[in-house]
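First comes the structure, then the notes that go with it.
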Amino acid sequence: MEKITSFTIDHLRLLPGVYVSRKDHAKDACVTTFDIRMTRPNFEPVMNTAEVHTLEHLGATFLRNDAEFKDKVLYFGPMGCRTGFYLLMTGDYGSQDIVPLLTRMFEFIRDFEGEVPGAAAKDCGNYLDMNLPMTKFLADKYLKEVLYGITQERLIYPAK
């Protein structure tokens with residue numbers, strides 16, 4: 001079997017950033033998959049499930065309510081390795097195109113107060129596995145270390 005594209009990226013050189021993982025075409029539509037890498041694979045600890053879960057709830061809620069992009073968001077969810085998230089959007093985008101959207105999203109998460117949307121037994125299959133304070137810390141870290149002043153090395157996958 002051939003390796004899928006995401007397994008051909010050198011994870012020993014991959015930095016936290018915003019990357020176009022792939023582009024797929026369905027009829028006349030382009031679907032861009034983004035790799036929202038929050039921790040450096042194999043060098044930093046992965047995120048705990050409670051933070052990943054909270055970030056997923058807040059991120060998905062923000063994205064599906066964003067005035068500009070809500071109708072283009074198909075999916076936002078965690079990577080199994082717990083080093084980041086995938087964002088799938090309709091449209092042909094580059095990494096730089098969504099940096100303002102992600103900046104707004106991570107600022108929303110960093111500044112969020114109150115009950116996490118969907119964090120109730122009737123709304124979620126694991127609603128007790130949430131950690132808002134640590135999620136806010138991780139959002140602030142990603143803003144400061146990646147999104148604010150983002151550079152090319154954090155927008156384009158490292159060469160093979």
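With Kirkwood's inverse mean 1/r over C-alpha pairs for Rh, give me the Rg to Rh ratio of the chain, two decimals please. With Rg and the Kirkwood Rh in hand, the quotient comes to 0.95. Quick one: net charge around V146, please, counting Lys, Arg +1 and Asp, Glu -1 for every other residue with C-beta under 14 Å from its C-beta. Net charge around V146: 0.
Just the number: Rg to Rh for the stretch 86-160, Cα atoms, Kirkwood Rh, two decimals.
Values: Rg = 15.3 Å, Rh = 14.5 Å.
Result: Rg/Rh = 1.05.
How large is the charge dipole for the stretch 10-107, taken about the Cα centre, if only the Cβ atoms of Lys, Arg (+1) and Asp, Glu (-1) carry charge, to the nearest 20 debye? Don't jump to the answer; show the numbers that get you there.
Values: 11 positive and 13 negative charges, 33 e Å.
That gives the stretch 10-107 a dipole magnitude of about 160 debye.
Under 24 Å of direct C-alpha separation, and excluding same-chain neighbours fewer than eight residues apart, K160 reaches these lysines: K3, K23. For K122, the aspartates and glutamates whose Cα falls under 18 Å of its own Cα, not counting residues fewer than eight places away in the same chain, are E56.
Where Lys and Arg each count +1 and Asp and Glu each count -1, what net charge lies around C81 among other residues with Cβ under 12 Å from its Cβ? Each step should come with its number before you reach the end.
On the way: positive: R37, R40, R82; negative: D35, E44.
Net local charge, C81 excluded: +1.
Which order do I9, I36 fall in if you start with the one that has the fewest other Cβ atoms within 10 Å? Ranked by crowding around the Cβ, least crowded first: I9, I36.
Of the cross-linked pairs K27/K136; K70/K144; K27/K70, those separated by over 31 Å at the C-alpha level are K27/K136. Packing around the peptides 149-158, 121-130, 70-79, 134-143, taken as the average count of other Cβ atoms within 10 Å per residue, puts them in this order, highest first: 134-143, 70-79, 149-158, 121-130. Taking amide H as placed 1.01 Å from N in the peptide plane, Y75 has its amide H under 5 Å from the amide H of L88, each at least 5 places away in sequence or on another chain. In degrees, nearest 10, range 0 to 90: what is the angle between the Cα axis of helix 49-63 and the longest Cα principal axis of the chain? Between helix and principal axis, roughly 80 degrees. Taking Cα atoms, how many degrees apart are the long axis of helix 132-142 and the longest axis of the chain, rounded to 10 and kept between 0 and 90? Here the helix axis deviates by roughly 30 degrees.
Taken together, the values in this text are just the output of simple stated rules run on the coordinates, not laboratory data. Since we're looking at a predicted model, the values are computed, not measured. With ideal geometry, Cβ positions are generated from the backbone for all residues, glycine too; neighbour counts draw on all protein chains shown.
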